[in-house]
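A short reminder: the numbers here are calculations on the coordinates, not readings from a lab. As the structure is a computational prediction, the values presented were derived from the model and not from experiment. Here the Cβ is made from the backbone with ideal geometry for all residues, glycine too, and neighbour counts use every protein chain on show.
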Amino acid sequence: MSEVLTPSPDELLAVSRAYVALSADKRKAFRARIKAKGIDASRLPIVPFPSRGARLPLSHAQERLWFLWRLDPHSAAYNIAGAVRIEGRLEVADVRLALEQMVARHESLSNTFIEEDDAVWQIAGQKNAAQKAYGWSELAPPAAGEGIADVLQGLARQPFDLIAGPLLRVTLIRCAEQEHVLHFSMHHIISDGWSMDVLNKEFSEACRAARSGAAASLSPLPIQYGDYTLWQRDWVDAEAMDKQLNFWRERLGSTQAVLELPLSRMRSGMRSGEGGREESLLAPALLAQLRALAQQHDASLFMLLLAAYDILLARYSGQQDIRIGVPAAGRERLETAPLIGFFVNTLVIRSELDGLLTFGQLLEHVRERVLEAHAHQDLPFARLVDALQPERSLSHSPLFQAMFNFSVVRDEDMALPGLRVSRLQGAIETSRFDLVLNVVDASTPVVAFNYSNDVLDAPVIRRLLGHYVEILTQLAAHGSMLPLGSLHLSQARGTEQEQARSRADYPFNPVAQRISARALAQPQAPALHCEGQRLSYGQLEQWASQVGRRLHEAGVRAEERVGLCVTRSVGMVAGLLGIFKSGGAFLPLDPDYPADRLALMLEDAGVRTVLADADTATQLADVLAGYQVIRIDQLDGVSDQPFHMPVLADQLAYVIYTSGSTGRPKGVAISQRAL
């Protein structure tokens, strides 16, 4: 028996170096041999291409941003910006020297883009001596009546020309002799959130070195972003991508519903990209409590905050199927970690709240969905959209309309000797989506919503923000056993008209009692029509009360599961309402199901009593043997006067069985409030 040898890291590195030294044709043959030998290409380290030139392909993610820029080149929606306040004696020459080092170190910072030979390319470095590697400007203090925030917002919203460049702009604002504000702005096509952290850390290190007259002690970069894009194009695994696409098809399904937020304005035409932002501080102690709660479920703080966002959106939309976009860093390979570039991909986290009764159950559900999404994160988002073919609209984004960003900020990375450095709010008031939740885990945690001005306004967002913080506070106080139905959102603040628009909180009124109220008010009004049978509301109420009273007499009590095994008819509805009136919970049993499946469901749900009709009592006599069977068509002598047992919001309403991932039916419990 031959032994399979696993190549060592040095051997894999040698394979990669041999590969990049080949011509394009020979590299194609080399890839075929690697695959034939069973070597996992994802284990091969990315190394520099020695003769790659300056013209490089775009990554899959960059292609989408290029298309969006071409669609609207004056939009600032894909600008990334940040700013710091520097107090003390600042030497501008030190700042310029550090910037020059950053641009020389990361070629992507001076990249531009070009259309040639029926394709789009990125050009590494400066195209000619006249082109600036980065934009630099110095501004005087803001004019009277103009705040620094207005100046930063104006800088952040200036559009970029991806063809002419530069795509990095740095502005130094001189507020006073010993007070400056340094503002960075770049286009997303050359950067992402991780890249901003890299730039912040390395720029601070270079500034510290410049102030002390020493060279910055930065480790050499293993590759450049252009090497990554070449490697990505060469080694794309079509088979692996197809497997990931199949996963996403199954997870997201064929129907992509639009999130139904309480919009301030109707959607109309193309999105403008104009947005607003509302933010609030979070108590560090609250975040610490939430982190501890997440750890109890082997989950991250990100997962818990996402689950809380699901609750908020479900309350406001009235939907139980919530889809939220989240960024994936795309930095699984060690050699990509120190680079500045656009690696991030977008994942869609689908949370299905139906049947989840406590926050602990929701958190475990979200944890599972996040982990499986990250296990299938390599499929480019643009390819997923193309494959699923959701209904396209210029008024909203495809697959999801709400996004969640979570970041960790450590201020010690910005420390400069002899200077006091503090972050400023430099977020751009634009929005690529209806709603974006941003949570920053820092010494002073921040929670904020960016929103689209096309469909939402500030009062609605302030209400959303307040309710999100309320949800977090209740989760910290009550823990994972908190019933989702008992989460309370305070009355909306604002005008009566705004309050009327909000769908966040409803008073609980049981379904059976609502129908009884209609029967009392309009007993002759038609209620049901099925297979030629008709019932008025008054007749339905009398029949359901008979069923409820008979079940109660048979010993059915609150939350007891009662099998509902009747043919399709008006009697099915009378039986269902009767179960509610008794305080019980119904288990739907399709008479056409195989006998062994019905038997398994009855046993698994702990059913003692079954409602049946003449047909099912005969047809399924063997299955129902040993159970207390009550016929809905044999209630003579049972009073038809109104009958109701008390029903609570979080009381069990029904149990429904799905096929289950293993093929064994799996019961899902639904509360009265959820119903």
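Residues Asp192, Asp354, ranked from the fewest to the most other C-beta atoms within 10 Å, line up as Asp354, Asp192. If you restrict to DSSP beta bridges whose two residues both lie in the chain, what percentage is antiparallel, to the nearest 5? Around 70 percent of the beta bridges assigned by DSSP in the chain are antiparallel ones.
Taking packing as the residue-averaged number of other Cβ atoms within 10 angstrom, the listed peptides 102-112, 69-79 run from highest to lowest as 102-112, 69-79.
Each Cα pair under 8 Å and six or more residues apart adds its sequence gap; the mean of these over the residue count of region 55-227 is a relative contact order of 32 percent. Spacing of the modelled spin labels on Asp622 and Asp197, each 7 Å from Cα toward Cβ, amounts to 6.2 nm. Against the empirical curve 2.2 N^0.38 Å, the C-alpha radius of gyration of region 511-671 lands at a ratio of 1.01. To the nearest 0.05, what FRET efficiency results for Gln634 and Val668 with a Förster distance of 22 Å applied to their C-beta separation? So the FRET efficiency works out to roughly 0.10. Put in order of Cβ neighbour count within 10 Å, fewest first, the listed residues Thr616, Thr358 become Thr358, Thr616.
When the alpha carbon coordinates of region 55-227 are projected onto the principal axes, the ranges are 52, 42, 30 Å, largest first. Residue ranges 218-226, 117-125, 541-549 sort as 541-549, 218-226, 117-125 when ordered by packing (mean number of other C-beta atoms within 10 Å per residue, highest first). The HN-Hα couplings worked out from phi for region 235-244 by the Karplus form 6.51 cos²θ - 1.76 cosθ + 1.60 (θ = phi - 60°) are 9, 4, 9, 4, 5, 5, 5, 5, 5, 5 Hz, whole numbers, x standing for Gly and Pro.
Applying 0.36 nm per residue to the separation of Gln524 and Glu274 and subtracting their alpha-carbon distance, the gain on full extension is 84.7 nm. Rounded to whole Å, the principal axis extents of the Cα atoms in region 292-377 read 44, 28, 18, largest first.
The order of the peptides 134-143, 341-350 by mean Cβ neighbours within 10 Å, most packed first, is 341-350, 134-143. The mean sequence distance of close C-alpha pairs (under 8 Å, at least 6 residues apart), as a share of the length of the chain, puts its relative contact order at 13 percent. With contacts taken as Cα pairs under 8 Å and at least 6 residues apart, region 335-415 reaches a relative contact order of 29 percent. Mind giving me the FRET efficiency for Arg423 and Met481? R0 is 45 Å, r the Cβ-Cβ distance, nearest 0.05 is fine. E between Arg423 and Met481, to the nearest 0.05, is 0.75. Its DSSP H runs of at least 4 residues, each contributing -39,500 (n - 2.57), put the calculated 222 nm mean residue ellipticity of the chain at -11500 deg cm²/dmol, to the nearest 500.
Need one number: nm distance between label points at Glu352 and Arg89, each 7 Å from Cα along Cα→Cβ, rounded to one decimal. The modelled label-to-label distance comes out at 6.7 nm. For the pair Arg33 and Arg249 in one chain, pulling the backbone fully straight at 0.36 nm per residue adds 74.6 nm over the alpha carbon distance.
Using the Cβ-Cβ distance between Ile163 and Arg52 with R0 set to 22 Å, the FRET efficiency works out to roughly 0.55. Spin-label model, Asp150 to Asp242: label points 7 Å out along the Cα-to-beta-carbon direction sit 6.0 nm apart. Taking 0.36 nm per residue of separation and subtracting the current Cα-Cα distance, fully stretching the chain between Ser536 and Asn509 would add 7.6 nm. Only Cα sites of the chain enter the Debye sum here, all with the same form factor; the resulting log10 I(q)/I(0) across q = 0.08, 0.09, 0.10, 0.12 1/Å is -0.76, -0.90, -1.04, -1.33, listed in q order.
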